[in-house]
1. Can you name every residue in the range 75-105 that is assigned to a loop (DSSP other than H, G, I, E, B) and not hydrophobic (A, V, I, L, M, F, W, C)?
2. Go through the range 151-174 and report how many residues are among the hydrophobic types (A, V, I, L, M, F, W, C) and either in contact with a Phe, Trp or Tyr (Cβ under 9 Å, 6 or more places away or on another chain) or in a loop (DSSP other than H, G, I, E, B) (or both).
3. Give the residues of the range 108-149 that are touching a residue at least 12 places away in the same chain (Cβ under 8 Å), outside any helix (DSSP H, G or I) and open to solvent by less than 60 Å² (accessible area, probe 1.4 Å), sorted by residue number.
4. Residue under question is GLU69, and the condition is that it be at pLDDT 95 or above, open to solvent by 80 Å² or more (accessible area, probe 1.4 Å) and closer than 30 Å to TYR160 by Cα; does it hold?
5. Taking TYR117 as the residue in question, decide whether it is hydroxyl-bearing (Ser, Thr, Tyr) and in contact with a strand residue (DSSP E or B) (Cβ under 9 Å, 6 or more places away or on another chain).
6. Restricting to the range 173-199, count the residues that are surrounded by fewer than 12 Cβ atoms within 10 Å (Cβ to Cβ) and closer than 20 Å to TRP54 by Cβ.
7. Residues of the range 96-126 being among the polar types (S, T, N, Q), in contact with a Pro (Cβ under 7 Å, 6 or more places away or on another chain) and more than 13 Å from PRO156 (Cβ to Cβ), which ones?
8. Among the residues of the range 61-96, count how many are in contact with a strand residue (DSSP E or B) (Cβ under 6 Å, 6 or more places away or on another chain) and touching a residue at least 40 places away in the same chain (Cβ under 8 Å).
Amino acid sequence: GYRMTSTPAFAVTTQAIGNAARQETQLCAKRRRLVAVMAPALATTPTLYHIRWWSSSRVLQLAKELGVEDKLTLKTIDEATLKSDKDMLARNPQAKLPYFESGRGFSMVESGAIAQYLLETYDNEHKLHPPPITESSTAEEQETRARFLQFLHYGPGSAYHAVIPIFFKTMGAPKGAKPDEAALAKDFKAWQASVLVVL
């Protein structure tokens, strides 16, 4: 016949909940260990969004000189995609290039900042950039680092504006267009007087 159990129903329910909670805790621990194992691999695939002739070319060239081009995912897009693609705008609302996703949970714009990040990440022997200034840096080392930072950020900040007129009269001119030699000479003199003096 039917026999009554001596264990109250709520006790059985509490035990079941406790068992489920322990199983969930163990599963979460396994997930955390898996993420910890996978994280280094996931962090090795940064992505550079690039348009030919744009300032992202500067970052791409540096990656080549550092020998880390194969460690980057290069996504070549066009201006229409940059400014109107919904996925691109969700990632990069300012619609600026270069746009760089580090693969480590953050993204960057501004070619000088990205270049400095790549140098400090991959150029550990300081072949392409001088070491950061420390308390023990000599006056000469401090000046070398300061000049490097000026050169790094002066390009996109000021020099590009001076070279743009030259670019659109030469490499960026329509195919078959004849260059205006007088205008080029004037632009080049302005380049010499402003940019080359600083660099």
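The values are calculated or read from the model by the stated rules, or taken from the named source; none is laboratory data. The model shown is predicted, which means the values in this text are computed figures rather than measured ones. Virtual Cβ from ideal backbone geometry, glycine too; neighbours counted across all protein chains shown. The protein model used for the area step is the full one, side chains on, heavy atoms only, and it has no ligands, DNA or RNA in it. Shrake-Rupley method; radii C 1.70, N 1.55, O 1.52, S 1.80 Å.
1. Of the residues in the range 75-105, the ones assigned to a loop (DSSP other than H, G, I, E, B) are 77-78, 85, 92-98, 102-105.
If the condition is that a residue be assigned to a loop (DSSP other than H, G, I, E, B) and not hydrophobic (A, V, I, L, M, F, W, C), then ASP78, ASP85, ASN92, PRO93, GLN94, LYS96, PRO98, SER102, GLY103, ARG104, GLY105 are the ones that fit.
2. In the first step, residues of the range 151-174 are kept if they are among the hydrophobic types (A, V, I, L, M, F, W, C); the result is 151-152, 159, 162-164, 166-168, 171, 173.
Imposing the further condition that a residue be either in contact with a Phe, Trp or Tyr (Cβ under 9 Å, 6 or more places away or on another chain) or in a loop (DSSP other than H, G, I, E, B) (or both) reduces the set to 159, 162-163, 166-167, 171, 173.
Adding up the residues that qualify gives 7.
3. VAL109, ASP123, HIS129, PRO130
4. Details: at pLDDT 95 or above: no; open to solvent by 80 Å² or more (accessible area, probe 1.4 Å): yes; closer than 30 Å to TYR160 by Cα: yes.
No: the conditions fail for GLU69.
5. Values: hydroxyl-bearing (Ser, Thr, Tyr): yes; in contact with a strand residue (DSSP E or B) (Cβ under 9 Å, 6 or more places away or on another chain): yes.
Yes, satisfied.
6. Looking only at that region, the number is 2.
7. Our first condition is that a residue be among the polar types (S, T, N, Q); within the range 96-126, this holds for 102, 107, 111, 116, 121, 124.
Those still in the list that are in contact with a Pro (Cβ under 7 Å, 6 or more places away or on another chain) too: 102, 111.
Once the filter is applied, which keeps residues that are among the polar types (S, T, N, Q), in contact with a Pro (Cβ under 7 Å, 6 or more places away or on another chain) and more than 13 Å from PRO156 (Cβ to Cβ), the range 96-126 yields only SER102.
8. Summing the residues that are in contact with a strand residue (DSSP E or B) (Cβ under 6 Å, 6 or more places away or on another chain) and touching a residue at least 40 places away in the same chain (Cβ under 8 Å) in the range 61-96 gives 1.
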